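To start, the structure itself, in structure tokens.
The values are calculated or read from the model by the stated rules, or taken from the named source; none is laboratory data. Treat the numbers as computed from the prediction; the structure is a model and nothing was measured. Because the Cβ atoms are built from the backbone with ideal geometry, glycine has one as well, and the counts that use them run over all protein chains shown. Surface accessibility is based on the protein's heavy atoms, side chains included, excluding ligands, DNA and RNA. Shrake-Rupley method; radii C 1.70, N 1.55, O 1.52, S 1.80 Å.
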Amino acid sequence: AQSVTQLDSQVPVFEEAPVELRCNYSSSVSVYLFWYVQYPNQGLQLLLKYLSGSTLVKGINGFEAEFNKSQTSFHLRKPSVHISDTAEYFCAVIEGVKGNTPLVFGKGTRLSVIA
Amino acid sequence: DTEVTQTPKHLVMGMTNKKSLKCEQHMGHRAMYWYKQKAKKPPELMFVYSYEKLSINESVPSRFSPECPNSSLLNLHLHALQPEDSALYLCASSLNGLAGTDTQYFGPGTRLTVL
């Protein structure tokens, strides 16, 4: 069964600095990978996803992520963060081979952008 | 229209009350989901409906009863809840079901407090 590990529960970073949020997954089969963002008191919004093709995926709000199959990672990056990026970020995986398997979330990383 | 709507936004109920949460989408999606999210935790899958049939029930207590009256609507009926059921309840939808390439779109959630 697949699982997702987000290595950092909290990441503080100064405004306009770069940030990387780490995500590793484990699965014996091919997977599809997602990053969602959750702003305070709101639902989840899709930032980006990797299904196939280019391993560098660009998403909304200037975020990008790189799929690394050999390291089983899908780290999220942004070159310059803004105060408005303060939120909870969830990495999620779903096994791609068979149907009827649910989306599995990591425990989340709280990004706090400091002015 | 890429929106999933949920009503009410907030709900406070006693342990003997009966209430319902509602979710609606008009994207033509045929899969709809209920998640429960406790504070500072990732969403936990409760139920999945695919083509208006219950396809996944993650061993949820019977005091939670889902209903899918049509392809656009999903309800969650609540009865005799416990204080530990207080959480954010998120609805999501996806195009075809639990295929790996399907992206789940989330609603803003209903914040439930059980007294």
Inset, instruction - Could you tally the net charge around B:VAL48, taking each other residue with its Cβ under 12 Å from the Cβ of B:VAL48, Lys/Arg +1 and Asp/Glu -1? - result: -1
Legend entry - Sparsely packed trypsin sites (Lys or Arg not before Pro) within the range B:4-98, loop by DSSP, other Cβ within 10 Å at most 14: B:LYS9, B:LYS38, B:LYS40, B:ARG63
Inset, instruction - Could you list the trypsin sites (Lys or Arg not before Pro) in the range A:1-98 that lie in coil according to DSSP, counting only those with at most 13 other Cβ atoms within 10 Å of their Cβ? - result: A:LYS69, A:LYS98
Legend entry - Net length gained if the chain between A:THR5 and A:SER30 were fully extended (0.36 nm per residue, minus Cα distance): 7.3 nm
Legend entry - Cross-link table B:LYS22/B:LYS53; A:LYS49/B:LYS22; B:LYS18/B:LYS38, entries beyond 24 Å C-alpha to C-alpha: A:LYS49/B:LYS22
Inset, instruction - Excluding residues on the same chain fewer than 8 positions from B:LYS41, give the lysines whose Cα lies under 17 Å from its Cα. - result: A:LYS107
Inset, instruction - Hand me the GluC sites (Glu not before Pro) from the range A:1-77 located in a DSSP loop with no more than 15 other Cβ atoms within 10 Å, in residue order please. - result: A:GLU15, A:GLU16
Inset, instruction - Note down the nm distance, to one decimal, between modelled labels 7 Å out along Cα→Cβ at B:GLU67 and at A:LEU51. - result: 3.5 nm
Inset, instruction - Ignoring ligands, DNA and RNA and using a 1.4 Å probe, state the total buried accessible area between A and B in Å², rounded to the nearest 100. - result: 1600 Å²
Inset, instruction - Place a +1 charge on the Cβ of each Lys and Arg in chain B and a -1 charge on the Cβ of each Asp and Glu, then give the dipole magnitude about the Cα centre in debye, rounded to the nearest 20. - result: 380 debye
Legend entry - Only Lys, Arg (+1) and Asp, Glu (-1) charged, at Cβ; the protein assembly as shown dipole about Cα centre in debye: 420 debye
